[in-house]
Structure formats: structure tokens, C-alpha cells
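Report on one structure; see the data block that follows.
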Amino acid sequence: MAAVKVFCYAISTASIRVILCLEEVGAEYERVNIDMATGEHKSPAHVAKNPFGQVPAFQDGDLVLFESRAIGRYVLRKFKASDVDLLHGSSLEESAMVDVWLEVEAQQYDKAIFPIYYQAMIIPCFYGGTTDEKVVEENLVKLAKVLDVYEARLSQTKYLAGDFFSFADLSHYPVTHFSITIPQVAALFDARPHVKAWWESLESRPASKKVAAKIPQLS
């Protein structure tokens, strides 16, 4: 059976999310690089796969998907094994908690941390622009409040959805991989021991290490 295809960009956090899912389940896949620097993501060929002209897009035979969290769910359902079930679909309660914390990641965590990453790393590294420190400071305050909730949760359970690793945890990895190198963000993690231990456990996973080794460094 032909491998699935991921149309992606090396430093796209959404692309990394999908690739992490594939690595966690041990699926075969073909990585098709989309050069966002030259605008390939806006080309008719790519827009036919992702109508918003973004990455990633995903193809499995005749099925074409976009939106990384939806793709991740598909991958984790299709390649679920007895020892790898990151959606915990066999338990209504556990799967509900996975859904809750996936929503928290998308609606609370990402909305606070991504603007920091974008301002502190993407704008100066890729556009030669100047970081808007006001935007960074405003979102550091938001992120601190989110991480306070995480610290309370992780003082009770090893991972966000419970005492088991899930897609809810994995989904945090991509943007945090980059953002943790920003001193102000690292300081927020260091100040919360349960959050810090949780992040270190995500970094130490074999799939994370494998994916991280192929991510270009931003400087």
C-alpha cells in the first residue's frame, strides 16, 4: 500500500504536529516539501489540497485533508494499535478528557504562545523585521495564566488528560519546541515545576527526538 503523503514545510508547527503523529504510530509516509519562502503554498496545485493556501495538506489515496489537528486525529484513528492509542477512544471518559485538553491547547495555549514565537523568532529570522515587544509582553501575561492552570492540573495527573500520554500532550510540542528557546518563555516553564517536568517528558519521547533532529534551527 502506498505511503500517505504530507505536504509540509520544515518549520511549520502545524506540519510538525502531523509528522509527530505519524512517527508516534510508526506509519510509513512520504514527506513532500512545500516551499513557503517562494509562495508555493499559494500555488493552484497546493490550494487544490488546502483551500486556505497553508500547510500542511495530507493525502491518503483519494482522501485529501487539511487542518493539522483533524489530520492528526485521522492518523491516530487509522493507525491505532493496542499499544498506541493517543485518542483513547476505548474509554468515553478518557477520550472526553483528551478532547477537552486538545481544545485548551488550540484555544488557550496556542493563542498565547504562538504570537510570542512569531514576534520573537519568525519576524526577525525570516522577514528581517523588528520584534514588537508590546505584543510579546501582552502574550507572556496570557501564557503565564494558562500555565498556572496547567501547573494545577499537572500537580494531579502526569499528563493533561490523565496519567497517560495523549494527542492533547503531543499537540503542544511543535510551537513549544521553538518557543522554549526564548528566555522569557523558558522562565515561565522553569517557575512551574510540574509544567517543566511535563515538557521534559514530551521532549524525551523517541518520536519527538526523531522529529526534532530534522527541524532546522532558528537563529
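The values are calculated or read from the model by the stated rules, or taken from the named source; none is laboratory data. Remember, predicted model here, so these are calculated numbers, not experimental data. In this analysis, Cβ positions are derived from the backbone assuming ideal geometry, glycine residues included, and neighbour counts consider all displayed protein chains. Each accessible area value is taken on the protein alone, full model and side chains, heavy atoms only, with ligands, DNA and RNA left out. Shrake-Rupley method; radii C 1.70, N 1.55, O 1.52, S 1.80 Å.
Report the local net charge at PHE79: Lys and Arg +1, Asp and Glu -1, summed over other residues whose C-beta lies under 13 Å from its C-beta. Present the calculation step by step, with values, prior to reporting the outcome.
On the way: positive: ARG73, ARG77, LYS78, LYS80; negative: GLU23, GLU24, GLU28, ASP60, ASP83, ASP85.
Around PHE79, the charge tally is -2.
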- line: Looks like the chain, by Cα gyration tensor root eigenvalues a ≥ b ≥ c and the a/c under 1.5 rounded cutoff (else prolate when a/b is bigger than b/c, oblate otherwise), is oblate
message: Quick check: net charge around ALA186, other residues with Cβ under 14 Å of its Cβ, Lys/Arg +1 and Asp/Glu -1?
response: -1
query: Name the residues of the stretch 122-159 whose amide N is less than 13 Å from a point 7 angstrom out from the Cα of THR181 along the C-beta direction?
result: 122-126
query: Hey, what's the stretch 1-56 come to in accessible area per residue, 1.4 Å probe, Å²?
result: 45
query: Using a probe of 1.4 angstrom, how much of the accessible area of the chain is carbon and sulfur, in percent?
result: 54
field: Most positive-pole-ward Cα, VAL6, ALA106, ILE34, against dipole of the chain from beta carbon charges
entry: ILE34
query: Using mean Cβ contacts within 10 Å as the protection proxy, how do 194-205, 109-120 order, highest first?
result: 109-120, 194-205
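May I ask for the equivalent-ellipsoid semi-axes of the stretch 37-119, computed as the square root of five times each C-alpha gyration tensor eigenvalue and listed largest first in whole Å? Working shown, then result.
Details: eigenvalues 150, 84, 15 Å².
For the stretch 37-119, the ellipsoid semi-axes come out as 27, 21, 9 Å.
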- prompt: Quick one: net charge of LYS196's neighbours, Cβ under 15 Å, K/R +1, D/E -1?
  reply: -3
query: How much length, in nm to one decimal, is gained on full extension between SER82 and ALA96, taken as 0.36 nm per residue of separation minus their Cα-Cα distance?
result: 3.1 nm
query: What does the helix-only formula give at 222 nm for the chain: each DSSP H stretch with n ≥ 4 adding -39500 (n - 2.57), the total divided by the residues, and the result rounded to the nearest 500 deg cm²/dmol?
result: -14500 deg cm²/dmol
message: How large is the Rg to Rh ratio of the stretch 116-164 when both quantities use alpha carbon positions and Rh follows Kirkwood?
response: 1.22
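How much length, in nm to one decimal, is gained on full extension between GLU30 and LYS214, taken as 0.36 nm per residue of separation minus their Cα-Cα distance? Mind showing how you got there, number by number?
Working: separation 184, 0.36 × 184 = 66.24 nm, distance 1.44 nm.
Taking 0.36 nm per residue and subtracting the Cα distance, the gain is 64.8 nm.
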